[in-house]
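The structure appears below as structure tokens.
The values are calculated or read from the model by the stated rules, or taken from the named source; none is laboratory data. Keep in mind the model is a prediction, meaning the values are calculated, not measured. Cβ coordinates were reconstructed from backbone atoms using ideal geometry, including for glycine residues, and neighbour counts include every protein chain displayed. Only protein heavy atoms, including side chains, enter the accessible area calculation; ligands, DNA and RNA are left aside. Shrake-Rupley method; radii C 1.70, N 1.55, O 1.52, S 1.80 Å.
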Amino acid sequence: MGKFVIEESGRLKGRVRISGSKNSVLPIIAATLLTDQTCTIHDVPALTDVVVMQNLIEDFGGTTRWDAGDETLTIAVKNIDKIEASYELCAKMRASFLAAGPVLARMGEVKMSLPGGCAIGSRPVDLHLKGLAALGADIAQEHGYVHAKAKKLTGANIYLDFPSVGATENIMMAAVLAKGQTIIQNCAVEPEIVDLSNFLSSMGAQIRGSGTDTIRINGVDSLSGTSHNIIPDRIEAGTFMIAAAITNGDVEITNTVTDHLKPAMAKLREAGVDITETDEGMRVKGARRRQPIDVKTLPYPGFPTDMQAQFISMLAVTPGTNIVTETVFENRFMHVPELVRMGADIKIDSRSAIIEGVERLTGTQVKATDLRAGASLILAALAATGTTEVHDIYHVDRGYFQFDEKLRGLGAKILRVDG
Ligand code: UD1
């Protein structure tokens, strides 16, 4: 288990290029299970989560290859050899469950281990299963596994009780090969849903309405191979925006879609951070004195829960009272006790964190409990006096491609120590 050793780094300066989106590429890799032809995916970040999804494809009988400096992933699943995914791969990453829809649609049967709880809450998959059942699948849950069967899926009207990203993706991937029309209402509208929809459409799927709360899909008999560029990772971009803001730096962030970053940009501007759009992305300049703000996480286009922890780090050193309310996940404040150990003044009251900004944080040993919590501690460490050691950084490697290298390129004093 490695760690990062981080020194107070002064103002970060320079340019950083954002990688392809983790949350886009995971469902898109799962979608390659829908065809026996070859799919080529560009701008794929070689993250450990991506490698788990790649291994899952190989486990089902597909072949995969990295090219072009490891940023292009070519996948061919000529045949699916089995309908059961290995427990080890499912247990490693919740997003493995995204293979359920495609394998069920192509093979008429799938057996996958039920994802367990995780550091940020219980995270059930009931909405995924409700959707697959509505498409005609016979679903049994036994011995920790979900076993779904359907000779032929048939289109249906599905209303999601909550606009779950993963459920919308799983249902879309099943419905593209179902007989007839599927309508998914109150679905997720995240940019990653639109990216998956574009990928499926380029394979020959008939989908309308992605990016709105109602998606209409007309099932087709088969899908073909395709080639696709992954959208830039909006959460990685947002994380570098905070890196610039918290160090009072001046950073140009390239390969971004500013439209996807509106909530984070609005909140940073409200805090006094200067953001200008450039030809290749945006330039973020820290404010000498930031204003306190309130933030509430919501499904897109609301403020992303995946940016909540990083914002809390910045607000911990923003004078005044800041309130951050988490509405998407039930238990997503695991980074707070670690930030308190660094000198932050934060109290949790039910779903809200009340943050009294302090003058400065102080370095110490802290532990990453999940991906974004890890990122938040690294950001805090950049602005904390002395040395901070962030442990359990495998969480960070799941979702940030070359995070330490990119930060060093901006002048951060961060070293990786393998454990
Ligand atoms: C995805 C993202 C994750 C992000 C989250 C919310 C990927 C790989 N991960 O996760 O980074 O934080 O969206 O933006 O894309 N829920 C249910 N029943 C279900 C499904 C979800 O109750 O069947 C609940 C969850 O427990 C959670 C909320 O809905 O409280 C949001 O979950 P969801 O949108 O499904 O997130 P993921 O797809 O797991």
Qualifying positions in the stretch 157-174 - away from the ligand (no atom under 16 Å from the Cβ) and either modelled with pLDDT under 95 or surrounded by 19 or more Cβ atoms within 10 Å (Cβ to Cβ) (or both): none
Run down 343, 357, 320 and say which single residue is open to solvent by 10 Å² or more (accessible area, probe 1.4 Å), small (Gly, Ala, Ser), farther than 30 Å from residue 194 by Cβ and touching a residue at least 60 places away in the same chain (Cβ under 8 Å). 357
Qualifying residues in the stretch 134-156 (those that are among the charged types (D, E, K, R) and part of a strand (DSSP E or B)) - the one modelled with the lowest pLDDT: 142
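Can we say residue 199 is among the aromatic types (Phe, Trp, Tyr), within 24 Å of residue 90 (Cα to Cα) and surrounded by fewer than 23 Cβ atoms within 10 Å (Cβ to Cβ)? Can you show your working first?
On the way: among the aromatic types (Phe, Trp, Tyr): yes; within 24 Å of residue 90 (Cα to Cα): yes; surrounded by fewer than 23 Cβ atoms within 10 Å (Cβ to Cβ): no.
When the stated conditions are applied, residue 199 does not pass them.
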In the stretch 186-217, the residues that are touching a residue at least 60 places away in the same chain (Cβ under 8 Å) and part of a strand (DSSP E or B): 217
Within the stretch 4-35, take every residue that is of a type in the set (S, T, N, Q) and part of a loop (DSSP other than H, G, I, E, B) and give me the one that is modelled with the lowest pLDDT. 9
Just checking, how many residues over the stretch 65-82 are at pLDDT below 95 and either within 14 Å of residue 114 (Cβ to Cβ) or surrounded by 17 or more Cβ atoms within 10 Å (Cβ to Cβ) (or both)? 1
Which residue, of 36, 59, is farther than 30 Å from residue 376 by Cβ, open to solvent by less than 60 Å² (accessible area, probe 1.4 Å) and either among the acidic types (Asp, Glu) or in contact with a His (Cβ under 7 Å, 6 or more places away or on another chain) (or both)? 59
Inspect all residues belonging to the stretch 300-314 and state whether any of them is open to solvent by less than 10 Å² (accessible area, probe 1.4 Å), touching a Ser or Thr at 6+ places or on another chain (Cβ under 9 Å) and of a type in the set (Gly, Ala, Ser). yes
Can you list residue pairs whose Cβ atoms sit under 9 Å apart, with the first residue in the stretch 256-268 being free of Cβ contacts under 8 Å to residues at least 40 places away in the same chain and the second being of a type in the set (Phe, Trp, Tyr) and open to solvent by less than 30 Å² (accessible area, probe 1.4 Å)? Count only pairs 6 or more apart in sequence or on different chains. 266/303; 268/311
Evaluate the following for residue 182: is it crowded, with 23+ Cβ neighbours inside 10 Å and away from the ligand (no atom under 16 Å from the Cβ)? yes
